[in-house]
1. Could you pull out the residue among A:Arg36, A:Arg20 that is under 20 Å from B:Gly105 (Cα atoms), more than 10 Å from chain B (Cβ to nearest Cβ) and of a type in the set (Lys, Arg)?
2. Output yes when any residue across segment B:103-110 is of a type in the set (S, T, N, Q) and not in a loop (DSSP other than H, G, I, E, B), and no when none is.
3. Would you be able to tell me the number of residues in segment A:106-116 that are over 13 Å from the mean Cα position of the chain (by Cα) and open to solvent by less than 40 Å² (accessible area, probe 1.4 Å)?
4. Answer yes or no as to whether B:Ile77 is closer than 26 Å to A:Asp56 by Cβ and among the β-branched types (Val, Ile, Thr).
5. Can you tell me how many residues within segment B:23-42 are at pLDDT 95 or above and either surrounded by fewer than 17 Cβ atoms within 10 Å (Cβ to Cβ) or small (Gly, Ala, Ser) (or both)?
6. Test B:Ser69 against the stated conditions and say whether it is loosely packed, with under 13 Cβ neighbours inside 10 Å, hydroxyl-bearing (Ser, Thr, Tyr) and within 30 Å of A:Tyr90 (Cβ to Cβ).
7. What pairs come up if the first residue lies in segment B:75-93 and is at negative phi, the second is of a type in the set (Asp, Glu) and surrounded by fewer than 22 Cβ atoms within 10 Å (Cβ to Cβ), and their beta carbons are under 7 Å apart, counting only those six or more places apart or on different chains?
8. Could you identify the single residue in B:Ile109, B:Ile64, B:Ile77 that is among the hydrophobic types (A, V, I, L, M, F, W, C) and surrounded by fewer than 22 Cβ atoms within 10 Å (Cβ to Cβ)?
Amino acid sequence: NAGVMQNPRHLVRRRGQEARLRCSPMKGHSHVYWYRQLPEEGLKFMVYLQKENIIDESGMPKERFSAEFPKEGPSILRIQQVVRGDSAAYFCASSQNSGAGTYEQYFGPGTRLTVT
Amino acid sequence: QQQVKQSPQSLIVQKGGISIINCAYENTAFDYFPWYQQFPGKGPALLIAIRPDVSEKKEGRFTISFNKSAKQFSLHIMDSQPGDSATYFCAARKRPEYGNKLVFGAGTILRVKS
């Protein structure tokens, strides 16, 4: 039973380019969360999605960042016109559902984005 | 606004000793409190978790103690081993009506000396 998959594991982009990060949740999981970890810091929530729906994007920067979780395929976190401050590790987590009694979020290995 | 505060920032423990990491949270919109272990270059791995209606949970060498009235919870690692050396994060999950997101502490870097 494969865990949460993320790719690429490492991504290097020049300033102004676009970054696309992909996440496939665990089998049977329909809820996806994206978190960002800056160097030497804890993880910060960015966005919570279900299939074809953004449930909570309160942690997403207002500009340049977007996320989707289509009916088919992985969830995508997209960063347009990257800047050096976007350099971080981006983690995806998935859970089975969101109701009371089902709490666990399992994390993928992350994508380490470096902006040069 | 830091809703989950974690201490200490770093911790050095002798092999066989007890490692203790503390967290405190600031509001009552949380319904689940997990601890994650992270090794360098890896994603956080769920270690152990507790719900607020329980005061203690033990799994092997790992124990969570939870004090609802004080809004505090802690992780105890008994018989600490060098392989436990990692960064540990406490977290609190917002209730479903507040979005399910995990709010993390800043992390504790644990080093177990052999």
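The values are calculated or read from the model by the stated rules, or taken from the named source; none is laboratory data. On a predicted model such as this, the values are computed, not experimentally measured, just so you know. Glycine gets a Cβ as well: all are built from the backbone with ideal geometry, and neighbour counts include every protein chain shown. Accessible surface areas use protein heavy atoms only, side chains included; no ligands, DNA or RNA. Shrake-Rupley method; radii C 1.70, N 1.55, O 1.52, S 1.80 Å.
1. Numbers: A:Arg20 fails: under 20 Å from B:Gly105 (Cα atoms).
From the options A:Arg36, A:Arg20, the qualifying one is A:Arg36.
2. Of segment B:103-110, the ones of a type in the set (S, T, N, Q) are B:108.
When the remaining residues are screened for being not in a loop (DSSP other than H, G, I, E, B), the result is B:108.
Yes: segment B:103-110 contains one or more residues that are of a type in the set (S, T, N, Q) and not in a loop (DSSP other than H, G, I, E, B).
3. So the first thing to find is which residues in segment A:106-116 are over 13 Å from the mean Cα position of the chain (by Cα), and the list is A:114-116.
Filter once more, keeping what is open to solvent by less than 40 Å² (accessible area, probe 1.4 Å): A:115.
Of the residues in that region, 1 qualify.
4. Working: closer than 26 Å to A:Asp56 by Cβ: no; among the β-branched types (Val, Ile, Thr): yes.
It is false that B:Ile77 is closer than 26 Å to A:Asp56 by Cβ and among the β-branched types (Val, Ile, Thr).
5. The number of residues fulfilling the criteria is 2.
6. Numbers: loosely packed, with under 13 Cβ neighbours inside 10 Å: yes; hydroxyl-bearing (Ser, Thr, Tyr): yes; within 30 Å of A:Tyr90 (Cβ to Cβ): no.
Taking the combined requirement at face value, the residue does not satisfy it.
7. Final answer for the pair search is B:Ile77/B:Asp84; B:Arg93/B:Asp31.
8. Values: B:Ile64 fails: surrounded by fewer than 22 Cβ atoms within 10 Å (Cβ to Cβ); B:Ile77 fails: surrounded by fewer than 22 Cβ atoms within 10 Å (Cβ to Cβ).
Checking each option against the conditions leaves just B:Ile109.
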